[in-house]
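Participant: Handing you this structure, nothing more for now.
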Amino acid sequence: MEEKTERKRVMADTYMEEVWEQQAIKNWSKPLHNFGVRQNAFNQSADRRIRELESENLRLQAEIRVLLQRTEELTQITKRQKERLRQEENRNREIFGRVAAQMDKMQAEMNRLRLSTQLNSNAIDRLLLQGETESDGELETVESQTKEQIAGTKDFGESVVSTEEDLS
């Protein structure tokens, strides 16, 4: 890049001041000579400013390259994080799906137990109302059925706890 700018550079001195003063016969006037001197000063100032801008341009280009590399790195990091997030979301959906299925099973079992309990308590109420007409054998049968249902409820509670432990 610097080689190209060196080739494009023109002489800052377009008018040699010494040439005019060394000439015995002045081919141009003093105002034209003064204009040439001022033009030389302007050219040198412009050349100095151009070199400063070229230097600033090179510095900015280097900064842009660094920023582009950093942007690419950040883009790659973002892509990896998005992929991890997608994987986590899929995993969470799977876990929540399993939990929801277990909750549905548990709710169905609780509803069944409530109904069974209600039916048993209705049967017990009827037996108590009938009182003495019923035999003791039937009462024992109802009591044993109730105990079996209570035992089933305990087994269900243990299976829910074990299912929750499996999910963790």
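Participant: Give me the number: length gained by fully extending Ala101 to Glu56, i.e. 0.36 nm times residue separation minus the C-alpha to C-alpha distance, one decimal in nm.
Facilitator: Fully extending the segment from Ala101 to Glu56 adds 9.6 nm.
Participant: Tell me, what are the semi-axes, in whole angstrom and largest first, of the equivalent ellipsoid of the range 42-117 as set by the roots of 5 times the Cα gyration tensor eigenvalues?
Facilitator: 71, 10, 4
Participant: What distance in nm separates the two pseudo spin-label positions at Leu119 and Arg93, each 7 Å out from Cα along the beta-carbon direction?
Facilitator: 4.0 nm
Participant: Magnitude of the Cβ-charge dipole of the range 40-100, K/R +1 and D/E -1, about the Cα centre, nearest 20 debye?
Facilitator: It comes to approximately 380 debye.
Participant: I want to check the label-to-label distance for Leu129 and Ile150. Put each point 7 Å from Cα in the C-beta direction and report it in nm to one decimal.
Facilitator: Roughly 2.4 nm, to one decimal.
Participant: At 0.36 nm per residue, minus the direct Cα-Cα distance, what do Thr71 and Ala46 gain on full extension? Give it in nm, one decimal, please. Numbers along the way, then the final one.
Facilitator: Working: separation 25, 0.36 × 25 = 9.00 nm, distance 3.61 nm.
Going from the current span to full extension adds 5.4 nm.
Participant: From the protein chains alone at 1.4 Å, what is the descending order of accessible area for Val66, Val37, largest first?
Facilitator: Per-residue accessible area, sorted high to low, gives Val66, Val37.
The values are calculated or read from the model by the stated rules, or taken from the named source; none is laboratory data. Because the structure is a prediction, the values reported are computed rather than measured. So basically every Cβ, Gly included, is an ideal-geometry build from the backbone, and we count neighbours across all protein chains shown. Calculation scope for accessible area: heavy atoms of the full protein, side chains included, ligands and nucleic acids excluded. Shrake-Rupley method; radii C 1.70, N 1.55, O 1.52, S 1.80 Å.
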